[in-house]
Amino acid sequence: MFDISNRLKALVEYPFAELNRKKREVMARGVKVIDLGIGDPDLPPLSSVIKTLEKSTGVTDVHKYPSEHPSPKGNDELRYAVAEWYEKRFAVKLDPENEVQILIGAKEGIGHLPLAFVNPGDGVLVPDPGYPVYRAGTILADGIPVTMPLREKNNFLPDLSSLETNSSILKKCKMMYINYPNNPTSAVADKDFFIKIVDFANSHKIIVCHDATYSEITFDGFKANSFLSVEGAKEVGIEFHSLSKSCNMTGWRIGFVVGNKDIIAGLRKVKTNLDSGAFNVVQLAAIEAIKTMPENLNRILPIYKQRRDILIEALTTAGFKIRSPKATFYLWVPVPSGMKSEFFCAKMLDESGVLVTPGTGFGPEGEGYFRISLTAATTQIEEASQRIKSLNL
Ligand SMILES: *Cc1c(COP(=O)(O)O)cnc(C)c1O
(Lines give C-alpha, C1' and ligand atoms only; values in the text may rest on other atoms or scores of the structure.)
Protein backbone atom coordinates (compact mmCIF):
# COMPACT_ATOMS: atom_id res chain seq x y z
CA MET A 1 0.00 0.00 0.00
CA PHE A 2 2.80 2.40 0.85
CA ASP A 3 5.30 2.19 -1.96
CA ILE A 4 8.79 3.25 -0.82
CA SER A 5 10.59 5.99 -2.76
CA ASN A 6 12.83 5.20 -5.71
CA ARG A 7 15.70 6.61 -3.65
CA LEU A 8 15.13 4.03 -0.96
CA LYS A 9 14.69 1.26 -3.50
CA ALA A 10 18.11 2.12 -4.91
CA LEU A 11 19.79 1.55 -1.53
CA VAL A 12 21.18 -1.88 -0.83
CA GLU A 13 20.54 -3.44 2.53
CA TYR A 14 23.25 -2.48 5.03
CA PRO A 15 25.70 -5.41 4.61
CA PHE A 16 25.64 -6.55 8.22
CA ALA A 17 21.90 -7.30 8.26
CA GLU A 18 22.30 -10.36 6.02
CA LEU A 19 25.30 -11.60 8.01
CA ASN A 20 23.42 -11.32 11.26
CA ARG A 21 20.67 -13.51 9.82
CA LYS A 22 23.21 -16.19 8.90
CA LYS A 23 24.83 -15.87 12.31
CA ARG A 24 21.53 -16.62 14.07
CA GLU A 25 21.06 -19.68 11.85
CA VAL A 26 24.45 -21.14 12.79
CA MET A 27 23.97 -20.30 16.47
CA ALA A 28 20.64 -22.12 16.42
CA ARG A 29 22.63 -25.25 15.54
CA GLY A 30 24.51 -24.84 18.84
CA VAL A 31 27.75 -23.46 17.37
CA LYS A 32 29.57 -20.80 19.45
CA VAL A 33 29.97 -18.10 16.85
CA ILE A 34 32.94 -15.72 17.07
CA ASP A 35 31.86 -12.48 15.45
CA LEU A 36 34.74 -10.75 13.67
CA GLY A 37 32.32 -9.05 11.29
CA ILE A 38 31.47 -5.53 12.34
CA GLY A 39 34.10 -3.01 13.49
CA ASP A 40 32.83 -2.04 16.92
CA PRO A 41 35.43 -1.77 19.73
CA ASP A 42 34.91 -4.29 22.53
CA LEU A 43 36.70 -2.18 25.16
CA PRO A 44 34.87 0.67 26.97
CA PRO A 45 36.05 4.31 26.89
CA LEU A 46 38.49 5.53 29.57
CA SER A 47 36.87 5.70 32.99
CA SER A 48 37.52 9.46 33.23
CA VAL A 49 35.35 9.91 30.14
CA ILE A 50 32.54 7.85 31.63
CA LYS A 51 32.84 9.81 34.91
CA THR A 52 32.61 13.10 33.01
CA LEU A 53 29.46 11.83 31.32
CA GLU A 54 27.92 10.92 34.68
CA LYS A 55 28.87 14.23 36.32
CA SER A 56 27.65 16.23 33.35
CA THR A 57 24.10 14.95 33.64
CA GLY A 58 23.79 17.13 36.77
CA VAL A 59 24.91 20.35 35.09
CA THR A 60 22.25 23.05 34.68
CA ASP A 61 20.52 23.17 31.32
CA VAL A 62 22.26 20.16 29.78
CA HIS A 63 18.92 18.51 29.16
CA LYS A 64 17.76 21.32 26.94
CA TYR A 65 18.47 21.50 23.23
CA PRO A 66 22.20 21.71 22.59
CA SER A 67 23.69 25.22 22.68
CA GLU A 68 22.90 27.75 19.99
CA HIS A 69 19.74 25.98 18.94
CA PRO A 70 18.69 26.11 16.15
CA SER A 71 22.24 26.45 14.80
CA PRO A 72 23.88 23.20 15.88
CA LYS A 73 27.54 24.16 15.52
CA GLY A 74 28.33 22.20 18.63
CA ASN A 75 29.57 23.05 22.09
CA ASP A 76 32.09 25.94 22.10
CA GLU A 77 34.59 24.29 24.39
CA LEU A 78 34.46 21.09 22.36
CA ARG A 79 35.08 22.91 19.07
CA TYR A 80 38.06 24.68 20.67
CA ALA A 81 39.34 21.33 21.97
CA VAL A 82 39.09 19.91 18.44
CA ALA A 83 41.06 22.85 17.01
CA GLU A 84 43.70 22.50 19.71
CA TRP A 85 44.04 18.76 19.06
CA TYR A 86 44.36 19.38 15.32
CA GLU A 87 47.15 21.87 15.78
CA LYS A 88 49.04 19.62 18.18
CA ARG A 89 48.52 16.40 16.24
CA PHE A 90 48.68 17.56 12.60
CA ALA A 91 50.10 21.12 12.76
CA VAL A 92 46.90 22.30 11.06
CA LYS A 93 45.36 25.57 12.29
CA LEU A 94 41.55 25.76 12.36
CA ASP A 95 39.10 28.51 13.19
CA PRO A 96 36.84 26.86 15.79
CA GLU A 97 33.89 29.05 14.77
CA ASN A 98 33.71 28.39 11.04
CA GLU A 99 36.02 25.50 10.35
CA VAL A 100 34.88 23.02 13.01
CA GLN A 101 31.47 21.36 13.15
CA ILE A 102 30.38 18.81 15.73
CA LEU A 103 28.47 15.81 14.33
CA ILE A 104 26.22 13.12 15.75
CA GLY A 105 28.90 10.65 14.67
CA ALA A 106 30.94 10.96 11.47
CA LYS A 107 28.35 8.83 9.66
CA GLU A 108 25.74 11.53 10.17
CA GLY A 109 27.88 14.22 8.51
CA ILE A 110 29.06 11.94 5.72
CA GLY A 111 25.48 10.92 4.96
CA HIS A 112 24.05 14.45 5.11
CA LEU A 113 26.74 16.27 3.13
CA PRO A 114 25.46 15.47 -0.40
CA LEU A 115 22.14 17.15 0.49
CA ALA A 116 24.09 20.40 0.70
CA PHE A 117 25.97 20.23 -2.62
CA VAL A 118 24.50 17.62 -4.94
CA ASN A 119 21.70 18.32 -7.40
CA PRO A 120 19.71 15.48 -8.97
CA GLY A 121 21.94 13.76 -11.51
CA ASP A 122 25.24 15.15 -10.18
CA GLY A 123 28.00 12.58 -9.80
CA VAL A 124 29.82 11.74 -6.59
CA LEU A 125 33.07 9.76 -6.72
CA VAL A 126 32.95 6.93 -4.21
CA PRO A 127 35.59 4.30 -3.43
CA ASP A 128 34.74 0.66 -4.13
CA PRO A 129 35.23 -1.26 -1.92
CA GLY A 130 34.23 1.44 0.54
CA TYR A 131 32.27 2.44 3.61
CA PRO A 132 28.67 2.08 2.40
CA VAL A 133 27.50 5.51 3.62
CA TYR A 134 29.30 7.42 0.82
CA ARG A 135 27.09 5.71 -1.73
CA ALA A 136 23.93 5.81 0.40
CA GLY A 137 24.26 9.54 1.15
CA THR A 138 24.73 10.21 -2.56
CA ILE A 139 21.65 8.23 -3.56
CA LEU A 140 19.50 9.85 -0.85
CA ALA A 141 20.39 13.22 -2.40
CA ASP A 142 19.41 11.95 -5.88
CA GLY A 143 23.06 12.01 -6.91
CA ILE A 144 24.80 9.33 -8.93
CA PRO A 145 27.58 7.34 -7.29
CA VAL A 146 30.58 7.06 -9.64
CA THR A 147 32.83 4.18 -8.66
CA MET A 148 36.54 4.62 -8.02
CA PRO A 149 37.87 1.05 -7.87
CA LEU A 150 40.48 0.44 -5.16
CA ARG A 151 42.85 -2.24 -6.40
CA GLU A 152 45.74 -3.98 -4.75
CA LYS A 153 48.09 -3.18 -7.63
CA ASN A 154 47.54 0.53 -6.88
CA ASN A 155 47.96 0.01 -3.13
CA PHE A 156 44.19 0.47 -2.82
CA LEU A 157 44.40 4.12 -3.87
CA PRO A 158 42.03 5.38 -6.60
CA ASP A 159 43.66 5.57 -10.03
CA LEU A 160 43.20 9.28 -10.74
CA SER A 161 44.68 9.22 -14.24
CA SER A 162 42.27 6.53 -15.40
CA LEU A 163 39.37 8.59 -13.96
CA GLU A 164 40.64 11.50 -16.04
CA THR A 165 40.29 9.54 -19.26
CA ASN A 166 36.53 9.91 -18.90
CA SER A 167 36.14 13.67 -18.86
CA SER A 168 32.40 13.70 -19.64
CA ILE A 169 31.65 11.78 -16.45
CA LEU A 170 34.14 13.79 -14.43
CA LYS A 171 32.50 17.02 -15.58
CA LYS A 172 29.30 15.95 -13.84
CA CYS A 173 31.05 15.09 -10.58
CA LYS A 174 30.57 17.49 -7.72
CA MET A 175 32.21 15.67 -4.83
CA MET A 176 34.53 12.82 -3.97
CA TYR A 177 34.94 10.70 -0.86
CA ILE A 178 38.31 9.30 0.10
CA ASN A 179 39.18 7.43 3.28
CA TYR A 180 42.70 6.78 4.66
CA PRO A 181 43.62 4.82 6.65
CA ASN A 182 41.03 2.85 4.72
CA ASN A 183 38.07 0.76 5.71
CA PRO A 184 37.85 -2.03 4.55
CA THR A 185 41.28 -2.47 2.87
CA SER A 186 43.37 -1.06 5.78
CA ALA A 187 45.52 0.76 3.20
CA VAL A 188 47.24 4.03 4.09
CA ALA A 189 47.96 7.13 2.00
CA ASP A 190 51.03 9.34 2.04
CA LYS A 191 51.30 13.11 1.57
CA ASP A 192 52.06 12.73 -2.15
CA PHE A 193 48.68 11.14 -2.69
CA PHE A 194 46.93 14.00 -0.88
CA ILE A 195 48.87 16.51 -3.00
CA LYS A 196 47.62 14.74 -6.14
CA ILE A 197 44.06 14.83 -4.78
CA VAL A 198 44.28 18.61 -4.26
CA ASP A 199 45.46 19.04 -7.90
CA PHE A 200 42.70 16.74 -9.12
CA ALA A 201 40.06 18.64 -7.12
CA ASN A 202 41.26 21.98 -8.48
CA SER A 203 41.37 20.76 -12.08
CA HIS A 204 37.86 19.33 -11.97
CA LYS A 205 36.18 21.59 -9.38
CA ILE A 206 35.41 18.75 -7.05
CA ILE A 207 34.76 18.94 -3.30
CA VAL A 208 37.02 16.53 -1.40
CA CYS A 209 35.62 14.77 1.64
CA HIS A 210 38.34 12.89 3.44
CA ASP A 211 37.12 10.42 6.02
CA ALA A 212 39.94 10.21 8.58
CA THR A 213 38.06 8.10 11.10
CA TYR A 214 41.04 5.71 11.50
CA SER A 215 43.83 8.33 11.60
CA GLU A 216 44.80 7.33 15.15
CA ILE A 217 44.55 3.55 14.78
CA THR A 218 48.07 2.92 13.48
CA PHE A 219 50.95 0.55 14.25
CA ASP A 220 54.66 -0.09 13.87
CA GLY A 221 55.60 3.59 14.17
CA PHE A 222 53.35 4.69 11.31
CA LYS A 223 51.52 8.02 11.83
CA ALA A 224 48.70 9.00 9.50
CA ASN A 225 48.67 12.44 7.87
CA SER A 226 45.79 14.85 7.78
CA PHE A 227 44.54 15.66 4.29
CA LEU A 228 44.39 19.27 5.48
CA SER A 229 48.13 19.33 6.15
CA VAL A 230 48.91 19.61 2.44
CA GLU A 231 48.94 22.99 0.72
CA GLY A 232 45.64 24.08 -0.77
CA ALA A 233 43.61 21.29 0.84
CA LYS A 234 41.50 23.65 2.91
CA GLU A 235 40.46 25.45 -0.29
CA VAL A 236 38.92 22.28 -1.71
CA GLY A 237 37.95 20.01 1.12
CA ILE A 238 36.95 18.87 4.54
CA GLU A 239 38.00 16.05 6.82
CA PHE A 240 35.73 13.84 8.94
CA HIS A 241 36.70 12.44 12.32
CA SER A 242 35.01 10.34 14.89
CA LEU A 243 35.54 9.52 18.54
CA SER A 244 33.99 6.11 17.86
CA LYS A 245 37.18 4.30 16.97
CA SER A 246 39.91 6.44 18.59
CA CYS A 247 38.11 6.75 21.94
CA ASN A 248 35.99 3.55 21.97
CA MET A 249 32.74 5.50 21.83
CA THR A 250 30.74 4.05 18.91
CA GLY A 251 27.46 4.07 20.84
CA TRP A 252 27.84 7.65 22.02
CA ARG A 253 27.33 9.09 18.55
CA ILE A 254 29.86 11.89 18.47
CA GLY A 255 32.24 13.03 15.76
CA PHE A 256 33.28 16.17 13.93
CA VAL A 257 34.22 17.61 10.57
CA VAL A 258 36.82 20.30 9.92
CA GLY A 259 38.15 22.27 6.98
CA ASN A 260 36.71 24.54 4.29
CA LYS A 261 34.28 26.99 5.86
CA ASP A 262 31.89 27.18 2.90
CA ILE A 263 31.53 23.40 2.74
CA ILE A 264 31.00 23.33 6.50
CA ALA A 265 28.43 26.13 6.24
CA GLY A 266 26.49 24.05 3.68
CA LEU A 267 26.46 21.01 5.92
CA ARG A 268 25.53 23.18 8.89
CA LYS A 269 22.51 24.51 7.02
CA VAL A 270 21.32 20.95 6.32
CA LYS A 271 21.82 20.03 9.96
CA THR A 272 20.02 23.14 11.19
CA ASN A 273 17.00 21.93 9.27
CA LEU A 274 17.19 18.24 10.15
CA ASP A 275 18.72 17.85 13.61
CA SER A 276 19.54 19.95 16.63
CA GLY A 277 22.96 18.60 17.45
CA ALA A 278 24.39 15.98 19.81
CA PHE A 279 23.27 15.62 23.45
CA ASN A 280 25.07 18.26 25.57
CA VAL A 281 26.22 15.65 28.08
CA VAL A 282 27.91 13.61 25.34
CA GLN A 283 29.57 16.76 23.99
CA LEU A 284 30.94 17.62 27.44
CA ALA A 285 32.33 14.11 27.87
CA ALA A 286 33.80 14.33 24.36
CA ILE A 287 36.00 17.24 25.54
CA GLU A 288 37.52 14.90 28.13
CA ALA A 289 37.82 12.14 25.50
CA ILE A 290 39.78 14.36 23.10
CA LYS A 291 42.08 15.60 25.86
CA THR A 292 42.81 12.04 27.02
CA MET A 293 43.02 10.48 23.54
CA PRO A 294 46.79 9.77 23.75
CA GLU A 295 46.22 7.89 26.99
CA ASN A 296 43.43 5.84 25.40
CA LEU A 297 45.55 5.08 22.34
CA ASN A 298 48.41 3.91 24.55
CA ARG A 299 45.94 1.49 26.08
CA ILE A 300 44.21 0.15 22.93
CA LEU A 301 46.86 0.15 20.19
CA PRO A 302 49.08 -2.55 21.72
CA ILE A 303 45.96 -4.69 22.14
CA TYR A 304 44.92 -4.33 18.47
CA LYS A 305 48.51 -4.95 17.41
CA GLN A 306 48.65 -8.15 19.43
CA ARG A 307 45.36 -9.35 17.94
CA ARG A 308 46.56 -8.44 14.45
CA ASP A 309 49.74 -10.45 14.91
CA ILE A 310 47.88 -13.49 16.29
CA LEU A 311 45.52 -13.56 13.32
CA ILE A 312 48.19 -12.84 10.71
CA GLU A 313 50.17 -15.80 12.04
CA ALA A 314 47.12 -18.08 11.93
CA LEU A 315 46.04 -16.93 8.45
CA THR A 316 49.55 -17.37 7.08
CA THR A 317 49.75 -20.86 8.57
CA ALA A 318 46.39 -21.68 6.98
CA GLY A 319 47.76 -20.64 3.58
CA PHE A 320 46.30 -17.15 3.16
CA LYS A 321 48.51 -14.52 1.55
CA ILE A 322 48.36 -11.38 3.63
CA ARG A 323 50.63 -8.51 4.63
CA SER A 324 50.46 -6.99 8.08
CA PRO A 325 48.49 -3.71 7.89
CA LYS A 326 49.95 -0.49 9.28
CA ALA A 327 46.58 0.92 10.30
CA THR A 328 42.91 0.33 11.16
CA PHE A 329 41.55 -2.62 13.11
CA TYR A 330 40.79 -4.63 9.98
CA LEU A 331 42.53 -7.32 7.99
CA TRP A 332 41.65 -7.40 4.29
CA VAL A 333 42.38 -10.91 3.15
CA PRO A 334 42.25 -12.49 -0.33
CA VAL A 335 39.89 -15.52 -0.38
CA PRO A 336 41.35 -18.83 -1.58
CA SER A 337 41.57 -18.73 -5.36
CA GLY A 338 38.55 -19.80 -7.31
CA MET A 339 36.09 -19.00 -4.50
CA LYS A 340 33.62 -16.13 -4.35
CA SER A 341 33.73 -13.93 -1.25
CA GLU A 342 30.22 -14.68 -0.08
CA PHE A 343 30.61 -18.39 -0.66
CA PHE A 344 33.85 -18.42 1.29
CA CYS A 345 32.42 -16.43 4.23
CA ALA A 346 29.36 -18.71 4.43
CA LYS A 347 31.71 -21.72 4.38
CA MET A 348 33.92 -20.20 7.08
CA LEU A 349 30.89 -19.51 9.28
CA ASP A 350 29.45 -22.98 8.68
CA GLU A 351 32.66 -24.90 9.23
CA SER A 352 34.39 -22.88 11.93
CA GLY A 353 31.76 -20.60 13.45
CA VAL A 354 33.98 -17.58 12.68
CA LEU A 355 32.02 -14.72 11.19
CA VAL A 356 33.88 -12.43 8.78
CA THR A 357 32.54 -9.95 6.24
CA PRO A 358 32.60 -10.74 2.52
CA GLY A 359 34.42 -8.06 0.53
CA THR A 360 31.35 -7.62 -1.65
CA GLY A 361 29.56 -6.10 1.36
CA PHE A 362 31.65 -3.00 0.55
CA GLY A 363 30.93 -2.95 -3.19
CA PRO A 364 31.41 -5.25 -6.20
CA GLU A 365 35.15 -4.43 -6.31
CA GLY A 366 35.48 -6.15 -2.93
CA GLU A 367 35.01 -9.50 -4.68
CA GLY A 368 37.90 -11.81 -3.95
CA TYR A 369 38.47 -10.57 -0.39
CA PHE A 370 37.04 -10.82 3.09
CA ARG A 371 37.43 -8.48 6.05
CA ILE A 372 38.29 -9.51 9.60
CA SER A 373 37.70 -7.06 12.42
CA LEU A 374 40.02 -7.01 15.44
CA THR A 375 37.38 -5.64 17.80
CA ALA A 376 36.58 -8.87 19.66
CA ALA A 377 38.18 -9.88 22.98
CA THR A 378 41.73 -11.22 22.59
CA THR A 379 40.65 -14.64 23.95
CA GLN A 380 38.06 -14.76 21.15
CA ILE A 381 40.69 -13.80 18.60
CA GLU A 382 42.91 -16.62 19.91
CA GLU A 383 40.06 -19.11 19.66
CA ALA A 384 39.21 -17.89 16.14
CA SER A 385 42.88 -18.31 15.16
CA GLN A 386 42.87 -21.94 16.28
CA ARG A 387 39.72 -22.59 14.26
CA ILE A 388 41.16 -20.85 11.19
CA LYS A 389 44.32 -22.97 11.38
CA SER A 390 42.25 -26.12 11.24
CA LEU A 391 40.07 -24.91 8.33
CA ASN A 392 39.94 -27.31 5.44
CA LEU A 393 40.38 -24.97 2.47
C1 LIG B 1 33.09 3.62 11.73
C2 LIG B 1 33.25 4.48 10.55
C3 LIG B 1 32.62 5.73 10.47
C4 LIG B 1 31.51 6.11 11.43
O5 LIG B 1 31.87 6.75 12.52
P6 LIG B 1 30.75 7.24 13.54
O7 LIG B 1 31.37 8.43 14.14
O8 LIG B 1 30.55 6.13 14.51
O9 LIG B 1 29.51 7.57 12.80
C10 LIG B 1 32.89 6.56 9.40
N11 LIG B 1 33.73 6.17 8.42
C12 LIG B 1 34.33 4.96 8.44
C13 LIG B 1 35.22 4.59 7.32
C14 LIG B 1 34.09 4.07 9.49
O15 LIG B 1 34.63 2.87 9.47
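The values are calculated or read from the model by the stated rules, or taken from the named source; none is laboratory data. Only a predicted model underlies this, so the values are computations on that prediction, with no experimental measurement involved. Because the Cβ atoms are built from the backbone with ideal geometry, glycine has one as well, and the counts that use them run over all protein chains shown. Only protein heavy atoms, including side chains, enter the accessible area calculation; ligands, DNA and RNA are left aside. Shrake-Rupley method; radii C 1.70, N 1.55, O 1.52, S 1.80 Å.
Over the residues of the chain, the helix contribution to mean residue ellipticity at 222 nm works out to -13000 deg cm²/dmol, using -39500 (n - 2.57) for each DSSP H run of at least 4. Using a probe of 1.4 angstrom, how much of the accessible area of the chain is carbon and sulfur, in percent? The C+S portion of the solvent-accessible surface of the chain is 53 percent. Local charge for Leu160 was computed over the other residues whose Cβ lies under 9 Å away, with Lys and Arg +1 and Asp and Glu -1, and equals -2.
Return one whole number: the accessible area per residue of the chain in Å², for a 1.4 Å probe. Ligands and nucleic acids excluded, the result is 44 Å² per residue. Rg of the Cα atoms in the chain, relative to 2.2 N^0.38 Å, amounts to 0.98.
Sparse packing (at most 15 other Cβ atoms within 10 Å of the Cβ) combined with a DSSP loop state is found for the following trypsin sites (Lys or Arg not before Pro) in region 7-65: Arg29, Lys32, Lys64. Beta bridges per DSSP, both residues in the chain: antiparallel share near 45 percent. Taking each residue as 0.36 nm, the span from Glu351 to Asn154 lengthens on full extension beyond its C-alpha to C-alpha distance by 67.6 nm. Annotation: extensible slack from Ala28 through Asp3 equals 5.6 nm (criterion: 0.36 nm per residue apart, minus Cα-Cα distance). The residues Tyr134, Tyr65, Tyr80, sorted by heavy-atom accessible surface at 1.4 Å with ligands and nucleic acids left out, run Tyr65, Tyr80, Tyr134 from largest to smallest. The loop-placed chymotrypsin sites (Phe, Trp or Tyr not before Pro) in region 158-231, going by DSSP, that have at most 15 neighbouring Cβ atoms within 10 Å of their Cβ come out as Phe222.
Holding the Cα-Cα limit at 30 Å, pick out from Lys93/Lys153; Lys153/Lys174; Lys23/Lys174; Lys196/Lys291; Lys171/Lys245 the pairs that are longer than that. Beyond 30 Å between Cα atoms: Lys93/Lys153; Lys23/Lys174; Lys196/Lys291; Lys171/Lys245.
Dipole size of the chain about its Cα centre, with +1 on Lys/Arg Cβ and -1 on Asp/Glu Cβ: approximately 500 debye, rounded to the nearest 20.
Using heavy atoms of the protein chains and a probe of 1.4 Å, the accessible area assigned to Thr316 is about 80 Å². What does the C-alpha gyration tensor say about the overall shape of region 97-191? Classify as rounded when a/c is under 1.5, otherwise prolate if a/b is larger than b/c, or oblate. Note, shape of region 97-191 comes out oblate. Loop-resident trypsin sites (Lys or Arg not before Pro) (DSSP state other than H, G, I, E or B) in region 335-393 with no more than 15 further Cβ atoms inside 10 Å of their Cβ: Lys340.
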